[in-house]
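*Asks:* Mind having a look at this structure? Questions to follow.
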Amino acid sequence: MSNDKKNVLEVNNLKVTFDTPDGQVEAVKGVTLNIKQGECLGIVGESGSGKSQTFMTTMGLLANNGRAEGDIIFNGTSLLGLSTSELNTVRGRNMSMIFQDPLTSLTPHLTVFEQMSEVLQLHTGVRGREAEAKCLDWLDRVRISEAERRLRQYPHELSGGMRQRVMIAMSMLCSPDLLIADEPTTALDVTVQAEILDLMDELKRENNTAIALITHDMGVVARMCDRIQVMRHGVYVEEGTAEEVFHNPQHDYTKMLLDAMPRIDQPDKATNRKLKEYDLKGRDENFLKVDDVKVHFNIKVPTGLWYKNVPLKAVDGVSFDLKPGETLGIVGESGCGKSTLARAVLQLIPPTEGNVTWLGKPLDASNKADLKAKREDLQIVFQDPLASLDPRMTIADSIMEPLQTFRSDMSRTEMKAKVASMMERVGLDRNMINRYPHELSGGQNQRVGIARAMIMEPKLVVCDEAVSALDVSIQAQIIELLMDLQEEFGLSLLFISHDLSVVREVSHRIMVLYLGRIVELADRNEIYLNPQHPYTQQLISAVPIPDPSVERTRERIRFPGELPSPMDPTAKLRFLKSKLKANQLDYVPELRELKPGHFVAEHDPIEELLAS
């Protein structure tokens, strides 16, 4: 980094304190930092370290019960003490922020276009068709399919990943001098994450934008950052260049963060244990069988004055089996049908077509009494534990609820003892028994969700993005916990995630989905060491590796053209363009067995796809 570039942001001895009913909380304890033009500074640390609060204060977004001491200088202007109107001349135009939770930071009653155009109108005076063209351009650049239609939609109509991309587009509209990115890619697929990081890097190089990247993902840091500051308990414990921090970490906390990070090129690293390879031969072939399951939804699409129903094929003919004690990883991008497939397997969504067989008998949502009895052995851990737990119930009551449903013969004392035992098993302190979900951290709530799912000692558990929002150390603990519980109870797992590094860590076999269909299914090592389908190769190439010297020299596979929409009937032929050119629009790529256990969907040679 050239020394002749001026500091865009200087923070000197910043202290942030909050007054709470339990006394004063020191969130930031004397932080000093600077970011130069065209530099990316990585601020790394786990939840509660104070990294987000440092920059919320920089943006003038300190809560009413908080107070800040020290100095924050942006382009020569001291920000602390400025009025809201004075701050508004700076933030949004010259300094913008990508927030961690896009749903709470987007206005629910305004369309995407109304929110984006408001930024342009307020800070640049651009409006009307010119504003619409600029908004469309940025939605295209952040890889949102059907951008024109998305502009007219409301935040609740978009997926979490799409909302995050809208936030990124909004923050970049005015080409700011300083971009503060708070966990900007946590909710994104690896390919979209790679595109967004490329965009941010382009902004840094071409516009000389300074970037503060707040994250716990060391792979993203390795790819993007010039310098790194590691934060813990409100103070920096280590700082240096990316190469120094990754290759020669000094502080034990930094070493722990690097060790806890799963690496796609080094399986079994995060847990320091080898996945138990079950001998699956001879095990019950009728444990779980999914045969040609389809889940279709009718979507109303405007056509002039009228609407017509267009089928959205969320799951379009998926077949697989699962054996006792086995973990099947399910990967793919947003909209590929991972979660819909899991819900169809559990009959939470009735399949449009196809059959699910459990222990030799069909699972049928129409027979509710029979299905309820089977629910004892079929459980799910949801992505967002806070949203899936009843806020009015203590965590002990939430964990106990399955016992009250299926073990009515147990006394309340016996139930409480079992709950306390399970809480201890998943690493929750027994003193938390009367706490409510909002009083726990994200990792603790995720443990509550796991305890609730495991309390009945089920045979099958679906983990739907169960570790995606957790800090790396907590994530490693949860992965270790799931592997321990699998060994202890002999349970089977369907492990859904967009994080391919984590999936390799926990899965015996891996299934790759693309727009509702399987494109590759193989043993966990085979699929990473010898991926055959172009889509699998693209996903693996996009996963960041937490090592700057490796990450910055890797070649990433990029296929030309726009990201196809699930509503496009020809999207399934994205990797079989020879059929598209032959006008065989209804052709369905066939899933073929290359060798025992390794299935790959038909596709054109990757060289032809990259050239087309």
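The values are calculated or read from the model by the stated rules, or taken from the named source; none is laboratory data. Note that this is a predicted model, so its numbers are computed, not measured. Reconstructed Cβ throughout: ideal geometry from the backbone, glycine too, with neighbour counts over all protein chains shown.
*Asks:* Mind checking which pairs have a first residue in the range 120-134 that is at pLDDT 90 or above and a second that is hydroxyl-bearing (Ser, Thr, Tyr) and in a helix (DSSP H, G or I), Cβ under 6 Å, 6 or more apart or different chains?
*Replies:* These pairs meet every condition: 131/117.
*Asks:* Look through 209, 215 and report the one residue that is closer than 26 Å to residue 48 by Cβ and either crowded, with 17+ Cβ neighbours inside 10 Å or in contact with a helix residue (DSSP H, G or I) (Cβ under 7 Å, 6 or more places away or on another chain) (or both).
*Replies:* Values: 209 fails: closer than 26 Å to residue 48 by Cβ.
Matching residue, one of 209, 215: 215.
*Asks:* Shifting gears a bit: Any residue at all in the range 57-73 that's under 24 Å from residue 225 (Cβ atoms), over 28 Å from the mean Cα position of the chain (by Cα), of a type outside the set (Asp, Glu) and buried (at least 22 other Cβ atoms within 10 Å of the Cβ)?
*Replies:* Scanning the range 57-73 turns up at least one residue that is under 24 Å from residue 225 (Cβ atoms), over 28 Å from the mean Cα position of the chain (by Cα), of a type outside the set (Asp, Glu) and buried (at least 22 other Cβ atoms within 10 Å of the Cβ).
*Asks:* Which condition number in (1) touching a strand residue (DSSP E or B) at 6+ places or on another chain (Cβ under 6 Å); (2) among the hydroxyl-bearing types (Ser, Thr, Tyr); (3) at pLDDT below 80 is the one that residue 278 fails?
*Replies:* Status for residue 278: all satisfied but (1).
*Asks:* Are any residues in the range 193-226 farther than 16 Å from residue 172 by Cα and of a type in the set (A, V, I, L, M, F, W, C), and if so, which ones? Before the answer, list the steps.
*Replies:* Initial filter on the range 193-226 (farther than 16 Å from residue 172 by Cα): 194, 214-226.
194, 214, 218, 220, 221, 222, 224, 225, listed by residue number.
*Asks:* I want to confirm something. Restricting to the range 570-591 and keeping residues that are small (Gly, Ala, Ser) and either surrounded by 12 or more Cβ atoms within 10 Å (Cβ to Cβ) or under 33 Å from the mean Cα position of the chain (by Cα) (or both), which single residue is modelled with the lowest pLDDT?
*Replies:* Among those residues, the one meeting the criterion is 571.
*Asks:* Only one of these is modelled with pLDDT under 90, assigned by TED's automatic domain parsing to the domain that holds residue 450 and not in a loop (DSSP other than H, G, I, E, B): 520, 487. Name it. Walk me through how you get there before you give the answer.
*Replies:* Values: 520 fails: modelled with pLDDT under 90.
From the options 520, 487, the qualifying one is 487.
*Asks:* Kindly check whether there is at least one residue in the range 221-239 that is part of a helix (DSSP H, G or I) and over 27 Å from residue 50 (Cα atoms). Talk me through it step by step, then tell me what you get.
*Replies:* First, the residues of the range 221-239 that are part of a helix (DSSP H, G or I): 221-224.
Right, trim to over 27 Å from residue 50 (Cα atoms) and you get none.
Within the range 221-239, none of the residues are part of a helix (DSSP H, G or I) and over 27 Å from residue 50 (Cα atoms).
*Asks:* Within the range 587-612, how many residues turn out to be in contact (Cβ under 8 Å) with a residue 12 or more places away in the chain and either of a type outside the set (Phe, Trp, Tyr) or touching a His at 6+ places or on another chain (Cβ under 6 Å) (or both)? Talk me through it step by step, then tell me what you get.
*Replies:* Narrowing the range 587-612 to residues in contact (Cβ under 8 Å) with a residue 12 or more places away in the chain: 587-591, 594, 597-604, 606, 608-610, 612.
Those still in the list that are either of a type outside the set (Phe, Trp, Tyr) or touching a His at 6+ places or on another chain (Cβ under 6 Å) (or both) too: 588-591, 594, 597-598, 600-604, 606, 608-610, 612.
Of the residues in that region, 17 qualify.
*Asks:* Can you find a residue in the range 3-23 that is under 31 Å from the mean Cα position of the chain (by Cα), among the hydroxyl-bearing types (Ser, Thr, Tyr) and within 30 Å of residue 261 (Cα to Cα)?
*Replies:* For the range 3-23, residues under 31 Å from the mean Cα position of the chain (by Cα), among the hydroxyl-bearing types (Ser, Thr, Tyr) and within 30 Å of residue 261 (Cα to Cα): absent.
*Asks:* Something else: Could you list, in sequence order, the residues of the range 166-197 that are of a type in the set (D, E, K, R) and either more than 27 Å from residue 90 (Cβ to Cβ) or touching a helix residue (DSSP H, G or I) at 6+ places or on another chain (Cβ under 7 Å) (or both)? If you could, list the steps in order and put the result at the bottom.
*Replies:* Going residue by residue through the range 166-197, those that are of a type in the set (D, E, K, R) are 177, 182-183, 189, 195.
The answer is 182, 189, 195.
*Asks:* Only one residue in 503, 512 is in contact (Cβ under 8 Å) with a residue 40 or more places away in the chain and in a helix (DSSP H, G or I), so which one is that? So that I can check it myself, show each step before the final result.
*Replies:* Values: 512 fails: in a helix (DSSP H, G or I).
Only one candidate qualifies: 503.
*Asks:* Considering only residues that are among the aliphatic types (A, V, I, L, M) and in contact with a strand residue (DSSP E or B) (Cβ under 7 Å, 6 or more places away or on another chain), look in the range 483-504 and name the one that is farthest from residue 185 (Cα to Cα). If you could, list the steps in order and put the result at the bottom.
*Replies:* As a first pass, look at the range 483-504 and keep what is among the aliphatic types (A, V, I, L, M): 483, 485, 491, 493-494, 496, 500, 502-503.
Okay, now just the ones that are also in contact with a strand residue (DSSP E or B) (Cβ under 7 Å, 6 or more places away or on another chain), so 491, 493-494, 496, 500, 503.
Values: 491: 32, 493: 26, 494: 24, 496: 18, 500: 15, 503: 18 Å.
Ranking the qualifying residues of the range 483-504, first place goes to 491.
*Asks:* Among the residues of the range 353-363, is there at least one that is at pLDDT 90 or above and either in a loop (DSSP other than H, G, I, E, B) or of a type in the set (Ser, Thr, Tyr) (or both)?
*Replies:* Yes: one or more hits.
*Asks:* If you don't mind, there's one more thing I want to ask. Do you know which of the residues in the range 289-306 that are assigned to a strand (DSSP E or B) and without any contact (Cβ under 8 Å) to a residue 40 or more places away in the chain is nearest to residue 148 (Cα to Cα)? I'd like the intermediate steps shown before the answer.
*Replies:* Step one: of the range 289-306, the residues assigned to a strand (DSSP E or B) are 289-303, 306.
From what is left, the residues that are without any contact (Cβ under 8 Å) to a residue 40 or more places away in the chain are 297-298, 300, 302-303, 306.
Working: 297: 22, 298: 21, 300: 16, 302: 13, 303: 15, 306: 18 Å.
Among those that are assigned to a strand (DSSP E or B) and without any contact (Cβ under 8 Å) to a residue 40 or more places away in the chain, it is 302.
*Asks:* Among the residues of the range 477-507, write down those that are closer than 22 Å to residue 289 by Cβ, surrounded by fewer than 21 Cβ atoms within 10 Å (Cβ to Cβ) and in contact with a Leu (Cβ under 8 Å, 6 or more places away or on another chain).
*Replies:* 486
*Asks:* With respect to residue 145, determine if the residue is crowded, with 17+ Cβ neighbours inside 10 Å, touching a residue at least 60 places away in the same chain (Cβ under 8 Å), assigned by TED's automatic domain parsing to the domain that holds residue 162 and not aromatic (Phe, Trp, Tyr).
*Replies:* Numbers: crowded, with 17+ Cβ neighbours inside 10 Å: yes; touching a residue at least 60 places away in the same chain (Cβ under 8 Å): yes; assigned by TED's automatic domain parsing to the domain that holds residue 162: yes; not aromatic (Phe, Trp, Tyr): yes.
Yes.
*Asks:* Given the residues 5, 29, which is the only one that is basic (Lys, Arg) and within 16 Å of residue 233 (Cα to Cα)? Outline the logic, then answer.
*Replies:* Numbers: 5 fails: within 16 Å of residue 233 (Cα to Cα).
From the options 5, 29, the qualifying one is 29.
*Asks:* Considering every residue within the range 342-352, establish whether at least one is of a type outside the set (A, V, I, L, M, F, W, C), part of a helix (DSSP H, G or I), closer than 16 Å to residue 513 by Cβ and under 22 Å from the mean Cα position of the chain (by Cα). Don't jump to the end; show me each part of the working.
*Replies:* Going through the range 342-352, the residues of a type outside the set (A, V, I, L, M, F, W, C) turn out to be 343, 347, 350-352.
Next cut, part of a helix (DSSP H, G or I) only: 343.
In the following step, the residues that additionally are closer than 16 Å to residue 513 by Cβ were identified as 343.
Subset that is under 22 Å from the mean Cα position of the chain (by Cα): 343.
Yes: the range 342-352 contains one or more residues that are of a type outside the set (A, V, I, L, M, F, W, C), part of a helix (DSSP H, G or I), closer than 16 Å to residue 513 by Cβ and under 22 Å from the mean Cα position of the chain (by Cα).
*Asks:* Looking only at helices (runs of 4 or more DSSP H) that fall completely inside the range 530-612, which ones have 1 or more residues that are over 30 Å from residue 218 (Cβ atoms)?
*Replies:* Numbers: elements: 534-542, 548-551, 577-581, 606-611.
Here the list reads 577-581, 606-611.
*Asks:* Right, next: Kindly indicate the residue of the range 85-116 that is β-branched (Val, Ile, Thr) and under 20 Å from residue 185 (Cα atoms) and also modelled with the lowest pLDDT among those meeting that condition. It would help to see each step written out before you state the result.
*Replies:* As a first pass, look at the range 85-116 and keep what is β-branched (Val, Ile, Thr): 89-90, 98, 104, 107, 111-112.
Then drop every residue that is not under 20 Å from residue 185 (Cα atoms), which leaves 98, 104, 112.
Numbers: 98: 86, 104: 71, 112: 93.
It comes out as 104.
*Asks:* One residue is enough: does the range 436-451 have a residue meeting the conditions among the acidic types (Asp, Glu) and within 21 Å of the chain's Cα centre (by Cα)?
*Replies:* Of all residues in the range 436-451, those among the acidic types (Asp, Glu) come to 439.
Narrowing further to those that are within 21 Å of the chain's Cα centre (by Cα): none.
So far as the range 436-451 goes, no, none of its residues is among the acidic types (Asp, Glu) and within 21 Å of the chain's Cα centre (by Cα).
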